[in-house]
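Colleague: Attaching a single structure in structure tokens format; questions to follow.
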Amino acid sequence: MHKDPPGRSTSGEAAVRGLMLAAIGYAIISFADAAIKYALPLVGVAGAMLWRGGVGAISIAIIARGRGLWPRNKRLVFGRSLLHCSVSILWYFVWMSGFGLADSYAVAAAAPLLMTLLAIPMLGERVGWRRWTSCAVGFMGVLFMLQPGGDLWRWEAGVLLVAVCGMALSRIWTRTLASTDTPACISFWLMLTHIPLGLMVLPISAFWPPQGFPDLFPSGWWLVLLLFFGAANAAAHLLFARGFAMANIASLAPLEYTPLLWGLVLGFLIWSEVPAWTTLTGAGIVICAGLYNLHRERVRRAQERAERGAPA
């Protein structure tokens, strides 16, 4: 017997709750990303996939107490899981090549525009001219960061752009699945799919970049770091699945900018990374655009409450 999924809710109050849940999820995933980027030279891409999948799936199964894990929309659940895991593999290989945390998040700032564009034909969402304008401004900020000759003008940025396209589609499918499957189900199968794909890339991750066979079962501090990485991913994706069920894509898309802030702080504290001025300027542009979209969501919520006669 399946537990009924939460379904989609796009009322103003629900949207704001969804935004808050997703924002917490982005903060958690940023710390998890920093943890695995630090551990990648030791465990390799395959190790990252296996620890994320194993610990993450077990954590979700415990939190959900084994309920609501079997998918209803099996094709989309598994298709989304495969797509998202492929994105993770690309991301980890790019980090293995030495690409900075904040720089990678700067490239990922292209995701909100793609999410907004895809939500129109795939979800039938309506986007007003103000949000269109803010997304366009944010995209110009991305172009400024990726200008030829700049610090981000590298092959890794091209690989990340491909990954970002997959990530945007994955976010849309998360929203679609909210009407049929529980957050626990969506997150559980995503985590579990990391295990077979991690085994598939094990031969590649052992030789590229050349570093010898990865240590898949480290001990001590490394073990704590990997356990945190897996559990944090489980928590973040549960929050994403729930948040994306409560708010529409146009409102959630700007939150893709928030890891930029976390990445700047974590990258500097851990690796002494200082992004180029073009990256920082472009990041400032996309963050301002995202904050404006959040402001528009609050305005919409206030208008809905006023129409219902509820206190502001």
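The values are calculated or read from the model by the stated rules, or taken from the named source; none is laboratory data. Because the structure is predicted, anything quoted here is derived from the model rather than measured. Note: ideal-geometry Cβ built from the backbone for every residue, glycine included; neighbour counts use all protein chains shown.
Colleague: Report yes if residue 81 is in a helix (DSSP H, G or I), among the hydroxyl-bearing types (Ser, Thr, Tyr) and surrounded by fewer than 23 Cβ atoms within 10 Å (Cβ to Cβ), otherwise no.
Modeller: no
Colleague: Shifting gears a bit: Across segment 239-250, what is the total count of residues that are within 12 Å of the chain's Cα centre (by Cα) and either over 16 Å from residue 32 (Cβ atoms) or buried (at least 24 other Cβ atoms within 10 Å of the Cβ) (or both)?
Modeller: 3
Colleague: Then there's this: Inspect all residues belonging to segment 256-269 and state whether any of them is at pLDDT below 85, under 21 Å from residue 14 (Cβ atoms) and out of contact with any Pro (no Cβ under 7 Å at 6 or more places or on another chain).
Modeller: There is at least one residue in segment 256-269 that is at pLDDT below 85, under 21 Å from residue 14 (Cβ atoms) and out of contact with any Pro (no Cβ under 7 Å at 6 or more places or on another chain).
Colleague: Being modelled with pLDDT of 90 or more and either within 23 Å of the chain's Cα centre (by Cα) or surrounded by fewer than 19 Cβ atoms within 10 Å (Cβ to Cβ) (or both) is the requirement here; does residue 173 meet it?
Modeller: Spelling it out, residue 173 is indeed modelled with pLDDT of 90 or more and either within 23 Å of the chain's Cα centre (by Cα) or surrounded by fewer than 19 Cβ atoms within 10 Å (Cβ to Cβ) (or both).
Colleague: Looking at (1) at pLDDT below 85; (2) over 22 Å from residue 30 (Cα atoms); (3) touching a helix residue (DSSP H, G or I) at 6+ places or on another chain (Cβ under 7 Å), find the lone condition where residue 117 falls short.
Modeller: (3)
Colleague: In a helix (DSSP H, G or I), among the small types (Gly, Ala, Ser) and more than 18 Å from the chain's Cα centre (by Cα), is that true of residue 86?
Modeller: no
Colleague: Regarding residue 222, is this residue at pLDDT 95 or above and of a type outside the set (A, V, I, L, M)?
Modeller: Against the criterion (at pLDDT 95 or above and of a type outside the set (A, V, I, L, M)), residue 222 qualifies.
Colleague: Go through segment 62-78 residue by residue and tally those that are touching a residue at least 40 places away in the same chain (Cβ under 8 Å), of a type in the set (Gly, Ala, Ser) and not in a helix (DSSP H, G or I).
Modeller: Result for segment 62-78: 1.
Listed here are the residues, each with its yes/no results for (1) at pLDDT 90 or above; (2) part of a helix (DSSP H, G or I); (3) under 22 Å from residue 163 (Cα atoms).
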position: 229; (1), (2), (3): yes, yes, yes
position: 274; (1), (2), (3): no, no, no
position: 299; (1), (2), (3): no, yes, no
position: 311; (1), (2), (3): no, no, no
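Colleague: What number of residues within segment 121-132 satisfy the criterion of being more than 20 Å from the chain's Cα centre (by Cα) and surrounded by 13 or more Cβ atoms within 10 Å (Cβ to Cβ)?
Modeller: 5
Colleague: In the list 52, 17, which residue meets the criterion of being part of a helix (DSSP H, G or I), more than 16 Å from residue 89 (Cα to Cα) and of a type in the set (Lys, Arg)?
Modeller: Being part of a helix (DSSP H, G or I), more than 16 Å from residue 89 (Cα to Cα) and of a type in the set (Lys, Arg) holds for just one of 52, 17, which is 17.
Colleague: Report the residue count in segment 152-170 for those that are in a loop (DSSP other than H, G, I, E, B) and surrounded by fewer than 22 Cβ atoms within 10 Å (Cβ to Cβ).
Modeller: Here the count works out to 2.
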